[in-house]
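All remarks here apply to the structure that follows.
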Amino acid sequence: MQVGTVDRFQGKEAAVCLVSMTASTVDDSPRGMEFLLSLNRLNVAISRAKALALVFGSPRLLEARCTTIEQMRLANTLCALYEHSHAIRSGLPWTGHRILGAPLEAAEPTT
């Protein structure tokens, strides 16, 4: 098993990827919202999983106060990711919202 930062996994894959958002709120992030919710970093973290990607974070991250359009886009991506995971867990159909700039197909829950 390998453990490391998103940067360390650039160009690598793993069967399962666990991603920790590492801050309780956006205000708690020393590098700010733009770093914590970076679309490129989230994409690298999630897309490295061959079978399963789990993202761990405080629900308070979904309450980010945005002051720019770019921050709204970042917060919206995190909210869409949450909604997508909730739909899958609930067995609900996914409506194809966009996450990380690309449309997602409805995922079938595995048993």
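The values are calculated or read from the model by the stated rules, or taken from the named source; none is laboratory data. Fair warning: this is a prediction, and the values are worked out from it, not measured in the lab. Reconstructed Cβ throughout: ideal geometry from the backbone, glycine too, with neighbour counts over all protein chains shown.
Against the list (1) at pLDDT 90 or above; (2) under 25 Å from Gln2 (Cα atoms); (3) basic (Lys, Arg), the condition Lys50 fails is (1).
Answer yes or no as to whether Arg41 is over 21 Å from His86 (Cα atoms), touching a residue at least 12 places away in the same chain (Cβ under 8 Å) and either within 12 Å of the chain's Cα centre (by Cα) or in a strand (DSSP E or B) (or both). For Arg41, the condition - over 21 Å from His86 (Cα atoms), touching a residue at least 12 places away in the same chain (Cβ under 8 Å) and either within 12 Å of the chain's Cα centre (by Cα) or in a strand (DSSP E or B) (or both) - is met.
Return the total of residues in segment 1-38 being of a type in the set (D, E, K, R) and assigned to a helix (DSSP H, G or I).
Taking segment 1-38 and keeping what is of a type in the set (D, E, K, R), we get 7-8, 12-13, 27-28, 31, 34.
Next, from what is left, pick out any that are assigned to a helix (DSSP H, G or I): 7-8, 27-28, 34.
Residues flagged as of a type in the set (D, E, K, R) and assigned to a helix (DSSP H, G or I) within segment 1-38 amount to 5.
Could you please find all residues in segment 1-29 being loosely packed, with under 15 Cβ neighbours inside 10 Å, of a type outside the set (S, T, N, Q) and either at pLDDT 90 or above or within 15 Å of the chain's Cα centre (by Cα) (or both)? Passing the criteria: Val16, Leu18, Asp27, Asp28.
Pairing each residue of segment 52-78 that is surrounded by fewer than 13 Cβ atoms within 10 Å (Cβ to Cβ) with any residue that is modelled with pLDDT under 90, provided the two are 6+ apart or on different chains, yields C-beta distances under 6 Å for Leu52/Val16; Leu54/Leu18; Phe56/Ser20.
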